[in-house]
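Peer 1: So that we are looking at the same thing, I have put the structure below in structure tokens.
Bear in mind these aren't lab numbers, they're just calculated from the coordinates by the rules spelled out. Note that this is a predicted model, so its numbers are computed, not measured. Don't worry about glycine lacking a Cβ; one is built from the backbone with ideal geometry, like all the others, and counts go over all protein chains shown.
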Amino acid sequence: MTLAEIVRQTSMSRATAHAVVSELVECGWLIRDPSAGTFAVGPAFVGLVRSAESADHLVRWAASAARELCDRFDIPCFVARRTSTDAVTLASHAFPAHLAPESAPHPWLRNGSRIRLRPPICREFIAFDPDDARSDWVGQAAESTRTRLRMVLDVVADRGYSIERMTDDHVAMIEALSSLDTMSDTLRARVGDLLTELSVIDYLPEEIDACAADDTGVPVVTIGAPVFDAGQRVVAAIVVCPNRELRVDELHRLGEATRAAADGISRHLR
């Protein structure tokens, strides 16, 4: 398409059209063929379209996987989608027939709910990040918990999923972490540190082995497995919500099923 054709179809002045087209070329949304004097869709625009298409496919595929896990294990499941560098949004959820959403023990399990990527939660989104991003995230936590967090991130990256311990105040902790932005910097830091210090973070392999040896259950509120895009970035997570004490073999079976579901979505996005 020539500049003259753009002017005719948009009713812009030639000067305005030239300025707009020049900006689009600079941004990579258009490319100019100097020999023909024409403009065509550029690589940046094509990339944006592909990204939007992938995002739509992601939610559809992930929602289907969440429903399958929900039906198979009879527990709530949800899809958390990374919407910024420091937050995820609940994009889809599935509840078993016997459990209505409004009566669920997870009041934050609502489409559109936003959860901040603050220590110690959402570890499946951080464990596969580059070292500097992991260090920045760990650095937001109370100093006394940082060694544990580093160990846990390595475990999550190796195991393929995070395990959130079941505690009486888990829901309150998530809501508090998500509301820290409304506080002053000083208060935010203090409250964040306190919440992290009050939490026993995830399970290390030897802790699960100890439960198996003692034949004791493992209290688990959620298990989250990452979904990767074509660039191997974590763009979402499939999360199952047993919210009860599991036998060790149940934990492994549920964790592996969740990871397999997430891996299946990742393959679609490649």
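Peer 1: Please work out the FRET efficiency for the pair HIS18 and VAL59, using the Cβ-Cβ distance as r and a Förster radius of 35 Å; give the result to the nearest 0.05.
Peer 2: Efficiency computed from Cβ-Cβ geometry: 0.35.
Peer 1: How much FRET efficiency would the formula 1/(1 + (r/R0)^6) give for THR83 and ARG247, where r is the Cβ-Cβ distance and R0 is 25 Å, rounded to 0.05? Don't jump to the answer; show the numbers that get you there.
Peer 2: Numbers: r = 35 Å, r/R0 = 1.42.
Working from the Cβ atoms, E equals 0.10.
Peer 1: Based on other C-beta atoms within 10 Å, arrange VAL20, VAL7, VAL88 from fewest to most. Before the final figure, lay out the partial values.
Peer 2: Details: VAL20 14, VAL7 17, VAL88 25.
Ordered from fewest to most neighbouring Cβ atoms within 10 Å, VAL20, VAL7, VAL88 come out as VAL20, VAL7, VAL88.
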